[in-house]
Amino acid sequence: MRTLHFSTPGFWIVPLLAVFAATSLAQAPVPEKVSDQETELGQEVYKQLRDKGEIIESSPLYDSLKPVAEGIARVAQPRYPHPFKFFLVHETQPNAFATPGGNVYVVDSLLYFVKNTEQLAGTLCHEVSHTIHRDGIALMEKEQKIQEREVAAAILLGPTRAHIIAIALIGKLHSLGYSRDAESKADVTGSDICAQAGYNPWGLTWLFQDFQNADVRQIPQLLSDHPANGTRIQTLEKHFRDNPSSFSKFSRDPKSATPFSVPKDAPEVFLRADTKGGN
């Protein structure tokens, strides 16, 4: 079991030695300052996850995530006005999700679940594509953001509308509220980004195939409600065939994949409510 160090706004509930050790661990990025509606909503989601004690402030796992994430961000960045930032979070199921404003959240157990770098890259490329397509904003507009009675009740308690919407958005992202069309489009754009970043775009199809063969109890939430019944794989394969200049150089054989591994039982220090600009 990984070593989990918890903190509260007032004090660390960890041994002093662990506090000193944490200073040498790779760190989470600093969230983008609010400058528009998208970053405001993204900041509120960040605060919700931070206050729930889910955001990992420092861990050796960041050393494994960052090289892949940074390569993808360099390619994806011209498509979106706010910087992409990747945060590790601790939740029960392997998952990843993106929010308006550029933040991408990767559940720590996903790093233990993927078999190779290409599968991780495919997942990250898929998620940044949701942000580029502004699927999170569209999702909330489709759902009318939140029921009127819930807004009225919440206003009595004092939070801002962005705070209220953020609560609803987290629920939607965790329950996979995106349509199959939005998921498929994110697959295609994600494959373009992966190819441009030098990562084999077949990685996402390999991940889908693994999910098809997995025990239903082991399937990560990121696909549990949208099973890859072949349609998404077929869409990607057609996209690869139709664009040989971009994809023909990549092998479809999983044996060509780059192994991916992370430190076993890596320590994790969680973000406090009074750090990383989240107030």
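Amide H contacts of residue 88 (H built 1.01 Å from N, in plane; Pro and chain starts excluded): 56, 106 sit under 5 Å, all sequence-distant by 5 or more or on other chains.
Cross-linked pairs 52/255; 185/249; 33/115: Cα-Cα separations exceed 32 Å for 52/255; 33/115. Distance between the C-alpha centres of region 89-137 and region 230-246: 21 Å, rounded to the whole angstrom. The simple spin-label model puts a point 7 Å past each Cα toward its Cβ; for residue 237 and residue 264 those points are separated by 3.7 nm.
Only Lys, Arg, Asp and Glu carry charge here, each on its Cβ (+1 for the first two, -1 for the last two); on that basis region 29-105 has a dipole of about 200 debye about its Cα centre.
FYI, it's all coordinate maths here, none of it is from the lab. Remember, it's a predicted structure, so these values are computed and weren't measured experimentally. Because the Cβ atoms are built from the backbone with ideal geometry, glycine has one as well, and the counts that use them run over all protein chains shown.
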